[in-house]
Amino acid sequence: MKRDIRFRWLKEWVLPLGIGIVVAFGIRTWVVSAAVVPSSSMYPTIPATETHHVYILDNKLATDFGRKVYRGEVVVFHYPDDPKELYVKRVIGLPGDTVTVTANSVYINGKKLKESNPNIAKSNLPKLGTYHVPAGHYFMLGDNRTVSLDSRYWIHKYVARSAIVGEADFILAPMGNMGPISQSLTAPSGR
């Protein structure tokens, strides 16, 4: 009788709980997870500051299964100089591109990058220069470029495709900022 009660308890409580934990871990590992943005480097697209952090949803499926990462996409990735840290930046340079950052513009392979999205800073100061993106890597910039510690400043300037964790899709908190994150370099239509 006691064995039946234990088996029933195991079947009714422990097994579903264990399955739930495995499913939750799988979702967090391969589908979506939350990330923290602790600085104003992506302001105002992601309205975080050093004193008011923002929590975002990281969509891992958006960059899996061989889908190409595109210019303008906001991604979460392992910081090249310390892979234990996660960063959130906008993809600017694709593999093979030559990116030139001037005081007020960005050029890709000699052509001015059209950045009409009002969320992207118009000044690229203080760090300017030309960067050659190697195969399988990406050049990242923050939207608030005057304060963003991005590819221009890193020792290892480029992010490997394998280091990209997912697309920064949605602001979860604070509640007043909840909503989708703009994945475009150009202004959204209808605004």
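The values are calculated or read from the model by the stated rules, or taken from the named source; none is laboratory data. It should be emphasised that the depicted structure is a prediction, and the values quoted were computed from it without experimental measurement. Don't worry about glycine lacking a Cβ; one is built from the backbone with ideal geometry, like all the others, and counts go over all protein chains shown.
In the range 154-177, what residues are within 13 Å of the chain's Cα centre (by Cα) and outside any strand (DSSP E or B)?
Selection gives 161, 163.
Working carefully through the options 102, 51, 130, 98, find the one that is at negative phi and without any contact (Cβ under 8 Å) to a residue 12 or more places away in the chain.
Details: 102 fails: without any contact (Cβ under 8 Å) to a residue 12 or more places away in the chain; 130 fails: without any contact (Cβ under 8 Å) to a residue 12 or more places away in the chain; 98 fails: without any contact (Cβ under 8 Å) to a residue 12 or more places away in the chain.
That would be 51, the only listed residue that is at negative phi and without any contact (Cβ under 8 Å) to a residue 12 or more places away in the chain.
Please specify each residue of the range 29-46 satisfying the condition of being crowded, with 17+ Cβ neighbours inside 10 Å and modelled with pLDDT of 85 or more.
Of everything in the range 29-46, those that are crowded, with 17+ Cβ neighbours inside 10 Å and modelled with pLDDT of 85 or more turn out to be 39, 40, 41, 42, 43, 45, 46.
Is there any pair linking a residue in the range 155-181 that is under 13 Å from residue 136 (Cβ atoms) to one that is modelled with pLDDT under 85, with Cβ under 7 Å and at least six apart or on different chains, and which?
Pairs that qualify, where the first residue is under 13 Å from residue 136 (Cβ atoms) and the partner is modelled with pLDDT under 85, are 164/63.
For the structure I just gave you, tell me whether residue 72 is of a type in the set (Gly, Ala, Ser), within 13 Å of the chain's Cα centre (by Cα) and either assigned by TED's automatic domain parsing to the domain that holds residue 38 or not in a strand (DSSP E or B) (or both). Before the answer, list the steps.
Working: of a type in the set (Gly, Ala, Ser): yes; within 13 Å of the chain's Cα centre (by Cα): yes; either assigned by TED's automatic domain parsing to the domain that holds residue 38 or not in a strand (DSSP E or B) (or both): yes.
Criteria met by residue 72.
Just name the residue that is nearest to residue 165 (Cα to Cα) out of those in the range 119-148 that are in contact with a Lys or Arg (Cβ under 7 Å, 6 or more places away or on another chain) and either among the charged types (D, E, K, R) or in a loop (DSSP other than H, G, I, E, B) (or both).
Ranking the qualifying residues of the range 119-148, first place goes to 136.
Taking the options 110, 136, 129, 179, name whichever one is touching a helix residue (DSSP H, G or I) at 6+ places or on another chain (Cβ under 9 Å) and surrounded by fewer than 13 Cβ atoms within 10 Å (Cβ to Cβ).
Details: 110 fails: touching a helix residue (DSSP H, G or I) at 6+ places or on another chain (Cβ under 9 Å); 129 fails: touching a helix residue (DSSP H, G or I) at 6+ places or on another chain (Cβ under 9 Å); 179 fails: touching a helix residue (DSSP H, G or I) at 6+ places or on another chain (Cβ under 9 Å).
Criteria check complete, one pass: 136.
Could you say which residue among 104, 124, 59 is out of contact with any Pro (no Cβ under 8 Å at 6 or more places or on another chain), polar (S, T, N, Q) and farther than 21 Å from residue 37 by Cβ? So that I can check it myself, show each step before the final result.
On the way: 124 fails: farther than 21 Å from residue 37 by Cβ; 59 fails: farther than 21 Å from residue 37 by Cβ.
Residue meeting the stated conditions: 104.
Can you work out which of the residues in the range 90-145 that are of a type in the set (Lys, Arg) and out of contact with any Gly (no Cβ under 9 Å at 6 or more places or on another chain) is farthest from residue 49 (Cα to Cα)? Steps first, please.
Of the residues in the range 90-145, the ones of a type in the set (Lys, Arg) are 90, 111-112, 114, 122, 127, 145.
Next, from what is left, pick out any that are out of contact with any Gly (no Cβ under 9 Å at 6 or more places or on another chain): 111-112, 114, 122, 127, 145.
Details: 111: 33, 112: 30, 114: 27, 122: 19, 127: 21, 145: 14 Å.
Step by step, filter the range 90-145, then rank; the result is 111.
Hey, does the range 79-96 have a residue that's charged (D, E, K, R), surrounded by 15 or more Cβ atoms within 10 Å (Cβ to Cβ) and either over 21 Å from the mean Cα position of the chain (by Cα) or over 13 Å from residue 164 (Cα atoms) (or both)? Working first, answer last.
Start the filter on the range 79-96 by keeping residues that are charged (D, E, K, R), which leaves 81-82, 84-85, 89-90.
So of that shortlist, the ones also surrounded by 15 or more Cβ atoms within 10 Å (Cβ to Cβ) come out as 89-90.
Restricting the remaining residues to those that are either over 21 Å from the mean Cα position of the chain (by Cα) or over 13 Å from residue 164 (Cα atoms) (or both) gives none.
Scanning the range 79-96 turns up no residue that is charged (D, E, K, R), surrounded by 15 or more Cβ atoms within 10 Å (Cβ to Cβ) and either over 21 Å from the mean Cα position of the chain (by Cα) or over 13 Å from residue 164 (Cα atoms) (or both).
Given the options 151, 116, name the one that is surrounded by 14 or more Cβ atoms within 10 Å (Cβ to Cβ) and assigned to a loop (DSSP other than H, G, I, E, B).
Details: 116 fails: surrounded by 14 or more Cβ atoms within 10 Å (Cβ to Cβ).
Answer to the selection: 151.
Is it true that residue 76 is out of contact with any Cys (no Cβ under 9 Å at 6 or more places or on another chain), at pLDDT 90 or above, buried (at least 17 other Cβ atoms within 10 Å of the Cβ) and closer than 30 Å to residue 174 by Cβ?
So residue 76 fits the description; yes.
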